[in-house]
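This report refers to the structure that appears directly beneath it.
The values are calculated or read from the model by the stated rules, or taken from the named source; none is laboratory data. Please read all numbers here as calculations on a predicted model, not as lab measurements. Please note: Cβ atoms are built from the backbone with ideal geometry, for glycine as well, and neighbour counts cover all protein chains shown.
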Amino acid sequence: MDIKIDDEYFGKLAQTVIDGDDEECVRLVNAGLEAGVDPLDAVEKGLAKGINQVGEDFGAGIIFLPELAMAADVMKQGTAILDDRIKASGAIRMSHGKIVIGTIKGDIHDIGKSVVATVLQANGYDVVDIGIDIAVDTFIDAVKEHNADALGMSTLLTLPLMEMGKVINRMSDIGMRDSVKVIVGGCPVTQEFADEIGADAVGFDAQDAVFKLDGLLGINRPRAGTAT
Ligand code: B12
């Protein structure tokens with residue numbers, strides 16, 4: 001089937017993420033690639049628009065957790081195909097910086113952290129998602145190994161909150177703190193708590209994570225609702 005690569009195509013691609021329709025997403029991505037779509041455009045003009053919309057709708061209480069998780073999954077399936085194509089073609093994906101992200105020790109909540117990781121990736125960051133229940137030393141080792149510009153830590157639980165402070169203290173002890181920005185998030189994480197443990201920023205949702213990380217790393221981009 002012939003597909004025309006135009007605004008309508010990108011709009012349909014975005015809509016598959018909003019609808020949580022993985023089959024249609026994969027079909028449209030593959031059909032687009034056959035028709036010669038630039039995989040970067042498919043991510044940035046299509047899938048990213050969809051997940052950004054979903055993030056806003058979730059923040060506004062228009063959609064709920066199941067839709068959000070489904071959208072993140074669809075986005076991941078689409079970007080996996082496109083990332084493979086980008087790597088295979090040797091194209092260099094624009095990167096605003098590299099962030100290691102994980103959920104702290106004692107906490108297995110994965111969804112919010114993964115949504116943040118996906119949206120950061122869709123917005124031009126190299127994201128290394130090291131998973132859940134991550135110990136202090138594992139965070140430190142991953143930042144070193146990937147030479148990351150930033151570290152993101154997530155938790156939804158009150159009990160292990162101080163694990164975040166321990167990671168930051170360890171970073172200071174080994175002389176890593178000045179060269180790596182730290183952003184924290186998750187429902188019990190307040191601005192006051194972030195200040196107390198010496199984090200650089202707290203992100204209250206995925207859009208806010210992009211906004212705050214952009215600020216920390218000096219990235220300027222047009223914002224929704226502002227003239228482009
Ligand atoms: C789904 C869920 C689960 C699932 C998790 C599935 C998964 N794969 O992640 C399951 C069922 C496994 C689970 C288990 C538990 N859960 Co639970 N869970 C939830 C629930 C209902 C939703 C969490 C969620 O996914 N929200 C949707 C995402 C998108 O939102 P989010 O996580 O807040 O993330 C957003 C922001 O916070 C921010 N963000 C998040 N991380 C980061 C990181 C960075 C760097 C940045 C910038 C931003 C950022 O951006 C995200 C996107 O918008 C919450 C209640 C709630 N409404 O939050 C309880 C909740 C978090 N769970 C709770 C509890 C107690 C538990 C258990 C301990 C229960 C038990 N007794 O076993 C266990 C945890 C065991 C453990 N060791 O971790 C409590 C926590 C209470 C507390 N303050 O400590 C809550 C609040 C429920 C409650 N009201 O009691 N849970």
Checklist entry - Just for segment 169-187: of the residues that are surrounded by 15 or more Cβ atoms within 10 Å (Cβ to Cβ) and within 20 Å of Val116 (Cα to Cα), which one is farthest from the ligand (Cβ to nearest atom)? => result Val180
Item to check | Hits in segment 134-157 (condition: among the charged types (D, E, K, R) and in a helix (DSSP H, G or I)) | outcome: Asp137, Asp141, Lys144, Glu145
Checklist entry - Within segment 188-213, which residues are near the ligand (Cβ under 8 Å from one of its atoms), out of contact with any Gly (no Cβ under 8 Å at 6 or more places or on another chain) and among the hydrophobic types (A, V, I, L, M, F, W, C)? => result Val189
Next on the checklist: Within segment 18-31, does at least one residue satisfy the condition of being of a type in the set (Lys, Arg) and under 18 Å from Ala209 (Cβ atoms)?
Outcome noted: no
Next on the checklist: Suppose the filter is within 18 Å of Ala209 (Cα to Cα), outside the structural domain of Leu82 (by TED's automatic domain parsing) and in a strand (DSSP E or B); does Val116 pass it?
Outcome noted: no
Next on the checklist: Going residue by residue through segment 74-96, is there one that turns out to be assigned by TED's automatic domain parsing to the domain that holds Gly185, touching a Leu at 6+ places or on another chain (Cβ under 6 Å) and either modelled with pLDDT of 95 or more or more than 9 Å from the ligand (Cβ to nearest atom) (or both)?
Outcome noted: no
Item to check | Which numbered condition Glu163 fails, given (1) acidic (Asp, Glu); (2) under 18 Å from Ile134 (Cα atoms); (3) exposed (fewer than 15 other Cβ atoms within 10 Å of the Cβ) | outcome: (3)
Item to check | Residue ID - nearest to the chain's Cα centre (by Cα), chosen from residues in segment 98-141 that are small (Gly, Ala, Ser) and closer than 23 Å to Gly59 by Cα | outcome: Ala117
Checklist entry - Out of all the residues in segment 111-118, is one or more among the aliphatic types (A, V, I, L, M), within 13 Å of the ligand (Cβ to nearest atom) and surrounded by fewer than 20 Cβ atoms within 10 Å (Cβ to Cβ)? => result yes
Item to check | Among the residues listed as Ile81, Ile63, the single one being free of Cβ contacts under 8 Å to residues at least 24 places away in the same chain and either outside any strand (DSSP E or B) or in contact with a strand residue (DSSP E or B) (Cβ under 7 Å, 6 or more places away or on another chain) (or both) | outcome: Ile63
Next on the checklist: Among the residues of segment 108-115, are any in contact with a strand residue (DSSP E or B) (Cβ under 6 Å, 6 or more places away or on another chain) and basic (Lys, Arg)?
Outcome noted: yes
Checklist entry - Just a yes or no: is a residue in segment 139-149 within 13 Å of the ligand (Cβ to nearest atom), closer than 30 Å to Gln53 by Cβ, touching a residue at least 40 places away in the same chain (Cβ under 8 Å) and not assigned by TED's automatic domain parsing to the domain that holds Ala71? => result yes
Next on the checklist: Filter segment 158-211 down to the residues that are out of contact with any Ser or Thr (no Cβ under 9 Å at 6 or more places or on another chain), in a loop (DSSP other than H, G, I, E, B) and either in the same structural domain as Gly55 (by TED's automatic domain parsing) or within 30 Å of Asp57 (Cα to Cα) (or both) and list them by number.
Outcome noted: Thr158, Leu159, Pro160, Thr190, Ala199, Asp200, Phe204, Asp205
Checklist entry - What do you reckon, is Ala31 assigned to a helix (DSSP H, G or I) and within 26 Å of Asp205 (Cβ to Cβ)? => result no
